[in-house]
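Beneath this line is the structure, given in structure tokens, with notes to follow.
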Amino acid sequence: MSHDENIKTLIAVLAFPFGTHAAPLLSLVKRLSLTVPDARFIFFNTAKSNDAIFPQDSIKKSDSIRPYNVSDGTPENYLFSGNPIEPVEYFINSTPENFKRAMVEVAEETGRGFRCIMTDAFFGFAADIAQELQIPWVAFWTGGPRSVLAHIETDLIREKLGVLDDGNDEKTIDFLAGFSGIFASDLPGEIICGDITSPMAGMLHQMGLKLPQATVVVINSIEEIDSDMVNMLNSRFNKFLNIGPLVLTLADQTISDPQGCLQWLDEQAKESVAYISFGSTVMPPSHELKALAEALETSGFRFIWSIRGNPEEKLPQGFLERTKDKGKVVSWAPQLKILQHEATGAFITHCGWNSVLESIVGGVPMICRTFFGDQRLNMRTVENLWGIGKGIEEGEITKAGAIKALKLVLSSDEGKQMRQKLGSLKKLACDAVQPRGSSTANFETLTSIITH
Ligand SMILES: O=c1ccn([C@@H]2O[C@H](COP(=O)(O)OP(=O)(O)O[C@H]3O[C@H](CO)[C@@H](O)[C@H](O)[C@H]3O)[C@@H](O)[C@H]2O)c(=O)[nH]1
């Protein structure tokens, strides 16, 4: 990175490299790079995550967005133990020094100071960096509004409910407006139910305390779909901007579909296919995968199942061969396009926020099997507030529960009603990104914060 007179505005972007966090942040940065053409965004992220989200040729082409690798905090010769939280904890423990070091390197190399720091909202430490450098802090929350409010209110929730040993505690959160019908066990584990001394819990607690200091908190959501939450967050933050759904605002969406999912969908009847995916990090336990496979086989519903790794090892013996005329099993699917296809009628999901938004954009009702973090809060919003999906019976997949849920969504009046409600939400989402829409106006406000 060399001294460059054309670059007027240098912006530091700090990514959280796990789950689907860095990709939506990069989507936001790509969009901003079109409206702030004289800016250079330095995308600080681990090498592994940068390699995954920046296609090789794009790095050479783009002058305005530069990936810059930071340490992931793992010890030398580290061998992954199989425990997925371990690399996350190494990384958290290496912050903020890894980012600060890299920012100093870039400032020295370019001979310029940063004009703005834009981060995953997880990084509460950015408040101190922004203050030290006297620059704005733009915090990007990749989940929905209800989960960020729960983190902001962590101390109040702990004060009212205490810290619970049992993740299934059924205490309600009725002391917090907008949380009626929500139970303690629906909250992200780090707030009260899990190990609140873990590095992750510490980072999220710190985030809740620091986010009100951000110049602006940006969220990949739509004002009109949860206005009560938005009003509450408006009163907590200096500025709160809903700019989603980002997936509807990016022009260059290259579709990778090597296994021909979309062509296969073209041959299926309208709203007849169940799409199954549990996102980028979750893998349901093997007895649930088996139960779901048996439910699909017995019910005969058509399906596309995105499952990471080798499906032969994960699914019952002979399942792929026996169901090859009814469904497709792939290791990665063009999810957004599948959900937007008229043949897709149900989405079995873990309720990651990106999946929930994409389901709204596609108008597809959800069958929810949640696992951690914000997912249960997202499910409650899907089920109670919007009525566009249902949690799986007993909270985990059984053969009978899955068949019941598939029938409900794919072939009952309740499923039809869900689809109608989705129609209204989808319209709100599409309207928000039109030239006069709320997300478009909020995006313009964000641009002016960055440039002035
Ligand atoms: O075959 C696949 C599977 C997934 N996806 C995409 O992967 C993303 C998955 O995102 P999300 O639904 O948010 O799930 P996670 O990857 O699990 O996301 C993490 O990050 C989210 C945003 O903070 C949180 O809401 C989740 O709880 C957390 O697990 C979506 O954009 C999908 O379209 C594909 O394109 N093809």
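Here is how the numbers come out for the structure above:
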{"quantity": "Filtered GluC sites (Glu not before Pro), the range 132-206: DSSP coil and at most 14 other beta carbons within 10 Å", "calculated": "Glu170"}
{"quantity": "Residue-averaged [θ]222 nm for the chain, counting only DSSP H segments that reach four residues, each worth -39500 (n - 2.57)", "calculated": "-12500 deg cm²/dmol"}
{"quantity": "Percent of beta bridges antiparallel (DSSP, the range 261-430, rounded to nearest 5)", "calculated": "0"}
{"quantity": "Efficiency of FRET from Cβ geometry, Asn310 and Lys8, R₀ 51 Å, rounded to 0.05", "calculated": "0.55"}
{"quantity": "Which of Gly362, Leu315, Ser286, positive extreme of dipole for the range 261-430 (C-beta unit charges)", "calculated": "Gly362"}
{"quantity": "Relative contact order of the range 261-430, pairs being alpha-carbon contacts under 8 Å that are 6 or more residues apart, as %", "calculated": "25"}
{"quantity": "Inter-part distance where the range 64-127 and the range 139-193 are each reduced to a Cα centre, Å", "calculated": "28"}
{"quantity": "Binned Cα-Cα distances of the range 261-430, short to long, each 10 Å bin given as a whole percent", "calculated": "11, 44, 38, 7, 0"}
{"quantity": "Fewest-first sequence of His452, His151, His21 by Cβ atoms within 10 Å of each Cβ", "calculated": "His452, His21, His151"}
{"quantity": "Total charge dipole magnitude, the chain, about the Cα centre, Cβ charges on Lys, Arg, Asp, Glu only, Debye to nearest 20", "calculated": "1060"}
{"quantity": "Mean-position separation - Cα centroids, the range 299-313 and the range 372-418, in angstrom", "calculated": "19"}
{"quantity": "Cα centroid separation - the range 419-452 against the range 242-292, whole Å", "calculated": "23"}
{"quantity": "DSSP bridge orientation in the chain - percent antiparallel, rounded to nearest 5", "calculated": "0"}
{"quantity": "Theoretical FRET efficiency, 1/(1+(r/R0)^6), r = Cβ-Cβ of Phe80 and Glu267, R0 41 Å, to 0.05", "calculated": "0.50"}
{"quantity": "For the chain, the fraction of alpha-carbon pairs in successive 10 Å shells from zero, as %", "calculated": "4, 20, 30, 27, 14, 3, 0"}
{"quantity": "Inter-site label distance for Lys326 and Asp174 at 7 Å from Cα along Cβ, in nm", "calculated": "4.4"}
{"quantity": "Relative packing of peptides 30-40, 138-148 - highest average C-beta neighbours within 10 Å first", "calculated": "138-148, 30-40"}
{"quantity": "For the range 398-452, Kirkwood radius (reciprocal of mean inverse C-alpha pair distance, Å)", "calculated": "14.0"}
{"quantity": "5 angstrom amide H check on Val216, placed H, neighbours 5+ away", "calculated": "Trp137, Ala139"}
{"quantity": "Mean separation of Cα contacts under 8 Å, 6 or more apart, over the residue count of the chain: relative contact order %", "calculated": "14"}
{"quantity": "Virtual spin-label span in nm between Asp195 and Thr445, 7 Å along Cα→Cβ", "calculated": "4.0"}
{"quantity": "Unsatisfied cross-links (Cα-Cα over 25 Å) in the set Lys210/Lys390; Lys337/Lys390; Lys390/Lys416", "calculated": "Lys210/Lys390"}
{"quantity": "Shape box of the range 279-326 [Cα atoms, principal axes, largest first, Å]", "calculated": "28, 18, 17"}
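Rule-based calculations on the coordinates, nothing more; no lab input. Computed from a prediction, not measured in an experiment: that's the story for all the values here. FYI the Cβ positions are ideal-geometry reconstructions off the backbone, even for glycines, and counts take in every protein chain you see.
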